[in-house]
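Asker: Can you keep this structure in mind? I'll have questions shortly.
The values are calculated or read from the model by the stated rules, or taken from the named source; none is laboratory data. Treat the numbers as computed from the prediction; the structure is a model and nothing was measured. We place every Cβ from the backbone using ideal geometry, glycine too, and count neighbours over all the protein chains shown. The accessibility values were calculated without ligands, DNA or RNA, using every heavy atom of the protein model including side chains. Shrake-Rupley method; radii C 1.70, N 1.55, O 1.52, S 1.80 Å.
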Amino acid sequence: MAIFFDMDGVMAQFYNDPDFLTNMHKEGYFISLQPYTALCTAFRILHKVRQDIYILTAYHAEDPWVPHEKKLWTRNMFGQDAADFDMIICPCGTNKAEYAEQKIGRKLRRYDVLVDDHTPNLQHWQAAGGTGIKFINEINGHGGKWKGERMSYTSNYGAMLAMLMRHILRGETFEKEEKTYERSENYQRAKAV
């Protein structure tokens with residue numbers, strides 16, 4: 001199981017600039033974003049105890065400096081810890097689930113989680129077999145399109161961590177049961193047929 005975190009609007013306060021639609025295409029914008037401190041704290045704690053925690057973020061192809069700025073933002077936010085982070089940066093409009101599957105080397109399972117603020121990303125993720133958690137920030141979550149689990153920017157890091165740990169524990173239990181079944185005689189007989 002793995003947990004993937006979007007950056008803009010999830011780890012970083014992307015929408016607090018009233019002119020973000022214009023400014024996001026200017027150099028220096030992404031490096032200057034303020035963090036959602038509670039989520040970044042939960043991310044840091046998870047990453048210290050697990051290796052399967054990733055940042056999965058997108059950029060506009062017409063802004064080729066953005067991937068570098070996002071890496072610098074991560075380094076500025078997390079310091080030395082950032083050197084250990086796995087960061088996947090894909091073009092906007094592509095299916096994040098496909099990039100995640102390439103990274104982990106297998107199809108998504110229901111306990112592979114994406115925390116994202118953009119409903120279409122979460123829908124693609126769930127269609128690929130994973131579980132989406134909608135991050136509610138200052139501007140989203142009012143349309144009612146997302147029917148799944150939610151996490152709010154107003155929550156404290158303990159609540160965020162507890163939600164994510166529930167998914168991790170369920171995933172570990174599922175993986176153990178799956179491995180036990182694969183070693184069973186019934187599975188071996190079915191596989192031989």
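Asker: With θ taken as phi - 60° and the coefficients 6.51, -1.76 and 1.60, list the Karplus ³J(HN,Hα) couplings across the range 34-40 in order, rounded to whole Hz; mark glycine and proline as x.
Answerer: After applying 6.51 cos²θ - 1.76 cosθ + 1.60, I find 7, x, 7, 4, 4, 5, 5 Hz.
Asker: With a 1.4 Å probe and every protein chain left in place, work out the accessible area per residue of the chain in Å², rounded to a whole number. It would help to have the intermediate numbers written out before the result.
Answerer: On the way: 10160 Å² over 193 residues.
Using a 1.4 Å probe on heavy atoms only, each residue of the chain averages 53 Å².
Asker: For the range 71-76, in order, what is each residue's ³J(HN,Hα) by Karplus, 6.51 cos²θ - 1.76 cosθ + 1.60 with θ = phi - 60°, in whole Hz (x at glycine and Pro)?
Answerer: Rounded to whole hertz, the list is 5, 5, 4, 4, 5, 5.
Asker: Each residue of the range 3-18 in order: what ³J(HN,Hα) in whole Hz does its phi give by Karplus 6.51 cos²θ - 1.76 cosθ + 1.60, θ = phi - 60°, with x for Gly and Pro?
Answerer: Running phi through 6.51 cos²θ - 1.76 cosθ + 1.60 with θ = phi - 60° gives 10, 10, 10, 5, 9, 6, x, 10, 8, 10, 6, 6, 9, 7, 8, x Hz.
Asker: Show the residues, 5+ positions off or on another chain, whose built amide H is closer than 5 Å to the amide H of Tyr54.
Answerer: So Tyr54 has HN proximity to Ile3, Phe4, Phe5.
Asker: Whenever you get a sec, compute what percent of the accessible area on the chain sits on carbon and sulfur atoms (1.4 Å probe).
Answerer: On the way: 5140 of 10160 Å².
For the chain, the apolar C and S fraction of the accessible surface comes to 51 percent.
Asker: Which percent, nearest 5, of DSSP beta bridges in the chain are antiparallel? Don't skip to the answer; put the middle values down first.
Answerer: Values: 1 of 22 bridges.
Restricted to the chain, the bridges split so that about 5 percent are antiparallel.
Asker: 7 Å from Cα along Cα→Cβ at both Lys48 and Thr22: what's the point-to-point distance in nm?
Answerer: 4.3
Asker: Counting each DSSP H run of 4 or more residues in the chain as -39500 (n - 2.57), what helix-only mean residue ellipticity at 222 nm follows after dividing by all residues, to the nearest 500 deg cm²/dmol?
Answerer: After summing the helix terms and dividing by residue count, I get -13500 deg cm²/dmol.
Asker: Turning to a different aspect of this structure: Under a 5 Å amide H to amide H cut-off, with H placed in plane at 1.01 Å, what residues pair with Cys90 once short-range neighbours are removed?
Answerer: Thr57, Ala58, Tyr59
Asker: Sort 41-49, 102-110 for me by packing, meaning the mean count of neighbouring Cβ atoms within 10 Å per residue, highest on top. Could the numbers behind the result be given before it?
Answerer: On the way: 41-49: 17.9, 102-110: 13.9.
Top of the packing list down: 41-49, 102-110.
Asker: Still on this structure: Residues with amide H under 5 Å of Arg150's amide H, sequence separation 5 or more or different chain, H placed in the peptide plane at 1.01 Å from N; which?
Answerer: Lys134
Asker: By how many nm would the segment from Lys103 to Asn76 grow when fully extended, if each residue of separation counts as 0.36 nm and the alpha-carbon distance is taken off? Before the final figure, lay out the partial values.
Answerer: On the way: separation 27, 0.36 × 27 = 9.72 nm, distance 2.42 nm.
The Lys103-Asn76 span can extend by a further 7.3 nm.
Asker: Let me ask something else. Send over the Kirkwood Rh of the range 64-164, from the inverse of the averaged 1/r over different Cα pairs, rounded to one decimal Å. Show your work: numbers first, answer last.
Answerer: Values: mean 1/r = 0.0663 Å⁻¹.
Hydrodynamic radius (Kirkwood, Cα only) of the range 64-164 equals 15.1 Å.
Asker: Where does the range 1-82 land on Rg/Rh, using Cα atoms and the Kirkwood Rh?
Answerer: Numbers: Rg = 12.9 Å, Rh = 13.3 Å.
Value, to two decimals: 0.97.
Asker: Can you give me the three principal axis dimensions of the chain from its C-alpha atoms, in Å, biggest first?
Answerer: Principal extents (largest minus smallest coordinate, Cα): 61, 39, 35 Å.
Asker: Next question. If contacts are Cα pairs under 8 angstrom and at least 6 residues apart, what is the relative contact order of the range 24-98 in percent? Don't skip to the end; give the middle numbers.
Answerer: Values: 62 pairs, mean separation 29.2, N = 75.
Here the relative contact order equals 39 percent.
Asker: Sort 13-25, 52-64 by packing, meaning the average of other beta carbons within 10 Å per residue, with the highest value first.
Answerer: Numbers: 13-25: 13.9, 52-64: 17.8.
Final packing ranking: 52-64, 13-25.
Asker: Still on this structure, please answer the following. Restricting to Cα pairs below 8 Å that are 6+ residues apart, what does the relative contact order work out to for the chain? Please round to a whole percent. Provide the component values of the computation, followed by the final result.
Answerer: Details: 265 pairs, mean separation 45.2, N = 193.
Relative contact order, the chain: 23 percent.
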